[in-house]
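Engineer: Dropping a structure here in structure tokens format, bear with me for questions.
The values are calculated or read from the model by the stated rules, or taken from the named source; none is laboratory data. These numbers were taken from a predicted model, which means no experiment stands behind them. With ideal geometry, Cβ positions are generated from the backbone for all residues, glycine too; neighbour counts draw on all protein chains shown. Note: areas computed on protein heavy atoms with side chains; ligands, DNA, RNA excluded. Shrake-Rupley method; radii C 1.70, N 1.55, O 1.52, S 1.80 Å.
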Amino acid sequence: MGLKALLCGVAGIGLVAGTAQAQEVSGDVVKIGVLSDMSGVYSDVGGPGSVAAARMAVEDFGGTVLGKPIEVVSADHQNKPDIGSSVTRQWIDVDGVDMVTDVPNSGVALAVQGITRETGRIFVMSGPATVELTGKQCSPTGFHWTYDTRALAVGTGKTIVEEGGDSWYFLTADYAFGHTLEADTTQVVEEAGGEVLGGVRHPLATSDFSSFLLQAQGSGAKVIGLANAGGDTINSVKQAAEFGITQAGQQLAGLLIFISDIHSLGLETAQGLTLTTGFYWDLDDQTREWSQRFAEAFDGRMPTMVHAGVYSGTMHYLKAIAEAGTDDGKAVAAKMHEMPVDDFFARNAKILANGHVSHDMYLAKVKAPDQSTADWDYYEIVRTIPGEEVALPVEESGCQLSQ
């Protein structure tokens, strides 16, 4: 399908919006469901912090929309698509949840995307990474807000090859997220003139990486690409240090690293890592003001890019309800596409027809201990990556909204 047909699909949403203006808020309450990993390897990345971020957005919005209260509910998907699907069905069919957000874990997110597409509910994705969510599995009511595997590959992969890291071996989480991150980075590495010597896949939430790291060490690759996240990345980096891998000359490339991971690793272990992020708390006065308020609400911890994205996406959703005059999902989605996004998180942002939220990303290097001057002073921002540099053109994404 070409762009013309795709845009017709979006225009169709607009027609629905026009007929929905007179509708009232369903159930006399707007319900926001934060579906996350509350106790597993991604709980620091999203988890309770995402609940805190969504509540901050509701409070900052004023607590009501169209004269009706706004309620935040939450649940633990346990990184299992069947549990995520069951919770989402219960929320939509029984509890009247209008919007689902967060959902770190691409496998769970793909399942939720199918349900929210079928039921016409809004899905604001801040935690998952796979580009499939705005590709073959796109939805007219789905918005991929914070980052995706292509942004991570373009930001980190290309930079490391240009700096001389031209032979790679992947250590990959064995599910949708890891597979697409490995594929996207392979493409970027090869386009930049590098080569991929091989890779090994590990189950989610692996505690012992010794056999995988030994295979990577034996490959002779200059760079070991970590296509995993959260607790798996932390364990990979810690155990690589124990094996002396970096001391022997191989470089670790953390393709998805969050500030919570650096906090857990400590600068002594994490120093020198190159990473791509959609947000850093210490960018400017706007990010520092919001992040300090987040820390006060969340045990003194600074936000990850997932937390900031949950706030930004939730606020945009509530503004769209006010503009649409209804909480009807398709009408609100049309307003979300139509309205500009411009806040402390989303710089130079644009919502593409396939639901990808294009905004500036940042290439960062982790500071050495003697370069850090305060708590959570972890990153040196090397450069700003414009959103259009990392976003796939809609025509190449595989998204077919009109079918």
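Engineer: Filter the stretch 393-402 down to the residues that are modelled with pLDDT under 90 and either of a type in the set (D, E) or over 11 Å from K136 (Cα atoms) (or both) and list them by number.
Structural biologist: Answer for the stretch 393-402, where residues must be modelled with pLDDT under 90 and either of a type in the set (D, E) or over 11 Å from K136 (Cα atoms) (or both): just S402.
Engineer: Same structure again: Does Q78 satisfy the criteria of being of a type outside the set (K, R), within 15 Å of V34 (Cα to Cα), touching a residue at least 12 places away in the same chain (Cβ under 8 Å) and assigned to a loop (DSSP other than H, G, I, E, B)?
Structural biologist: The answer is yes for Q78.
Engineer: How about the stretch 319-357: which of its residues are of a type in the set (D, E, K, R), modelled with pLDDT of 95 or more and touching an Asp or Glu at 6+ places or on another chain (Cβ under 7 Å)?
Structural biologist: Answer for the stretch 319-357, where residues must be of a type in the set (D, E, K, R), modelled with pLDDT of 95 or more and touching an Asp or Glu at 6+ places or on another chain (Cβ under 7 Å): D327, K335.
Engineer: Would you mind listing the helices (runs of 4 or more DSSP H) fully within the stretch 130-199 where at least 3 residues are under 29 Å from L352 (Cα atoms) and touching a Leu at 6+ places or on another chain (Cβ under 8 Å)?
Structural biologist: Per the criteria, 149-152, 176-191.
Engineer: Scanning for something at pLDDT 95 or above, surrounded by fewer than 24 Cβ atoms within 10 Å (Cβ to Cβ), under 26 Å from Q292 (Cα atoms) and not charged (D, E, K, R), does the stretch 86-104 turn up at least one residue?
Structural biologist: No, that holds for no residue.
Engineer: Are any residues in the stretch 242-294 under 19 Å from G230 (Cα atoms), within 21 Å of the chain's Cα centre (by Cα) and open to solvent by 50 Å² or more (accessible area, probe 1.4 Å), and if so, which ones?
Structural biologist: Within the stretch 242-294, H263, S264 qualify.
Engineer: Still on this structure, please answer the following. In the stretch 266-312, which residues are touching a strand residue (DSSP E or B) at 6+ places or on another chain (Cβ under 9 Å), outside any helix (DSSP H, G or I) and closer than 21 Å to S236 by Cα?
Structural biologist: Residues satisfying the conditions are Q271, G272, L273, T274, L275, T276, T277, T304.
Engineer: Can you tell me which condition A349 does not meet? The list is (1) touching a Ser or Thr at 6+ places or on another chain (Cβ under 7 Å); (2) open to solvent by less than 20 Å² (accessible area, probe 1.4 Å); (3) without any contact (Cβ under 8 Å) to a residue 60 or more places away in the chain, and all the others hold.
Structural biologist: (2)
Engineer: If I filter the stretch 86-94 for residues that are within 22 Å of N228 (Cβ to Cβ) and either touching a residue at least 24 places away in the same chain (Cβ under 8 Å) or not in a loop (DSSP other than H, G, I, E, B) (or both), do I get at least one hit?
Structural biologist: no
Engineer: Right, something else. Taking interchain pairs and intrachain pairs at least six residues apart, which have beta carbon atoms under 6 angstrom, with the first residue in the stretch 318-333 and touching a residue at least 24 places away in the same chain (Cβ under 8 Å) and closer than 17 Å to I92 by Cα and the second buried (at least 22 other Cβ atoms within 10 Å of the Cβ) and polar (S, T, N, Q)?
Structural biologist: So the pair list comes out as G329/T141; A333/T141.
Engineer: To continue, here is another question. Condition test on E242, is it part of a helix (DSSP H, G or I) and at pLDDT below 95?
Structural biologist: yes
Engineer: In addition: Any idea which of (1) part of a loop (DSSP other than H, G, I, E, B); (2) in contact (Cβ under 8 Å) with a residue 40 or more places away in the chain is the one Q247 doesn't satisfy?
Structural biologist: If we test Q247 against (1) part of a loop (DSSP other than H, G, I, E, B); (2) in contact (Cβ under 8 Å) with a residue 40 or more places away in the chain, just (2) comes out false.
Engineer: Among the candidates G135, G157, G142, G127, single out the residue that is open to solvent by less than 10 Å² (accessible area, probe 1.4 Å) and at pLDDT below 95.
Structural biologist: Result: G157 is the single residue among G135, G157, G142, G127 that is open to solvent by less than 10 Å² (accessible area, probe 1.4 Å) and at pLDDT below 95.
Engineer: List the number of the failed condition for G230; all other conditions in (1) buried (at least 21 other Cβ atoms within 10 Å of the Cβ); (2) more than 30 Å from A54 (Cβ to Cβ) hold.
Structural biologist: The failed condition is (2).
Engineer: Could you run through the stretch 363-392 and say how many residues are of a type in the set (S, T, Y), over 18 Å from the mean Cα position of the chain (by Cα) and open to solvent by 40 Å² or more (accessible area, probe 1.4 Å)?
Structural biologist: Adding up the residues that qualify gives 1.
Engineer: Tally the residues that are open to solvent by less than 10 Å² (accessible area, probe 1.4 Å) and within 18 Å of G63 (Cβ to Cβ), restricting the search to the stretch 317-336.
Structural biologist: 4
Engineer: Tell me, please, whether a residue that is open to solvent by less than 20 Å² (accessible area, probe 1.4 Å), under 22 Å from E268 (Cβ atoms) and not in a helix (DSSP H, G or I) can be found in the stretch 354-362.
Structural biologist: Checked the stretch 354-362: no residue is open to solvent by less than 20 Å² (accessible area, probe 1.4 Å), under 22 Å from E268 (Cβ atoms) and not in a helix (DSSP H, G or I).
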